[in-house]
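Every read-out reported here was derived from the displayed coordinates using simple, explicitly stated rules and does not represent laboratory data. Source: prediction; values computed, not measured. Here the Cβ positions follow ideal geometry from the backbone for every residue, glycine too, while neighbour counts run over all protein chains shown.
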Amino acid sequence: MLKDPETFLKLVLMYMEEGQMEKTIEIVKGMKGTAKLKVSDCIYCAIVNGFSKRRGFDAAIKVYEELKSDGCEPGQVTFASVINAYCRVGLYSKAENAFFEMEKKGFDKCVVAYSSIISMYGKTGRPRDAMRLVAKMKLKGCQPNVWIYNSLVEMHGRAKNLRQVEKLWKEMERRKVAPDKVTYTSVISAYNKSKEYEMCVRFYHEYRINGGVIDGAIAGIMVGVFSKINRIDELLKLLRDMKSEGSPIDERLYVSATNAMVAKELRSKVT
């Protein structure tokens, strides 16, 4: 009879790799029943993540709740995984409840879980709750990562709160959190929404200088920006750069560029 938790974990991972999901549930029942062993957080999390990967988030949530009702106790890693799953399928109340339960059990320094909840607050129009949670995690000595900053910048940019966007950007610089493509896209989008086109250009150039590759999201914003401020040469350079870097160019970008060139030609003939 198996008595070693490590052996059970290896079996779970093996069956996950082979796609034999039901076997993993049998192992858990064997641990709790015959072997009288506690299901570790590693095993619980491995099962939840395995179901997410093989059968989707709904299946992962179902198996999580079944195991929990059978007496399995989630730890920090499992909580983080199921909170993400709840958020991905739009079960925001369950995600928040799981987060509160996680905190009550003393798992209050999990950046992954904080990131999921803060992102959820952004999607559901709760920026104040997001900022309060960020302040709370800082007090606990848990520092925000780039994913959390991205969520905050995006939600404040969507609300045209440039003051907060700028404050977050400076905080990232101060804490030495390197912005990624999502950060730059969100910042550029925020300035675009507020018609601060020169700031869009500034951050776009900074992004390119730092080695950023142009994707459809940034291109969609900047083609519009360059068109509005009549910088057709930079617009065309953007398209050429995309082509040389192997980035797919949406037909709508060509249409926007053509319209901008036609408008420039008409202006030159009128003036």
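A simple spin-label model places the labels of residue 215 and residue 103 3.1 nm from each other, with each point 7 Å out along Cα-to-Cβ. For the range 154-195, the fraction of C-alpha pairs more than 12 angstrom apart is 55%. Taken as Cα centroids, the range 240-262 and the range 13-77 sit 48 Å apart, rounded to the nearest whole angstrom. Using the Karplus relation 6.51 cos²θ - 1.76 cosθ + 1.60 with θ = phi - 60°, the per-residue 3J(HN,Hα) values for the range 162-167 come to 5, 4, 6, 4, 5, 5 Hz, with x marking Gly and Pro. Residues in the range 54-67 carry Karplus couplings, in order, of 8, 10, x, 5, 4, 5, 5, 5, 4, 5, 4, 5, 5, 5 Hz; the curve used is 6.51 cos²θ - 1.76 cosθ + 1.60 with θ = phi - 60°, and Gly or Pro positions show x. What the Cβ-Cβ distance of residue 250 and residue 58 gives, at R0 = 30 Å and to the nearest 0.05, is a FRET efficiency of 0.40. Against the chain, whose longest principal axis is taken from its Cα atoms, helix 127-139 shows a tilt of about 60°. Only the Cβ atoms of Lys and Arg (+1) and of Asp and Glu (-1) were treated as charged; on that basis the dipole of the range 1-151 about its Cα centre amounts to roughly 460 debye. Among 82, 39, 89, a tally of other beta-carbon atoms within 10 Å of each Cβ gives an order, fewest to most, of 89, 39, 82.
Using the Karplus equation 6.51 cos²θ - 1.76 cosθ + 1.60 (θ = phi - 60°), what ³J(HN,Hα) coupling, rounded to whole Hz, does each residue of the range 17-31 give in order, writing x for Gly and Pro? Each residue of the range 17-31 in turn: 4, 7, x, 8, 5, 5, 4, 5, 5, 4, 5, 4, 5, x, 4 Hz. Each helix, a run of at least 4 DSSP H residues, gives -39500 (n - 2.57); summed and divided by the residues of the chain, these come to -24000 deg cm²/dmol at 222 nm.
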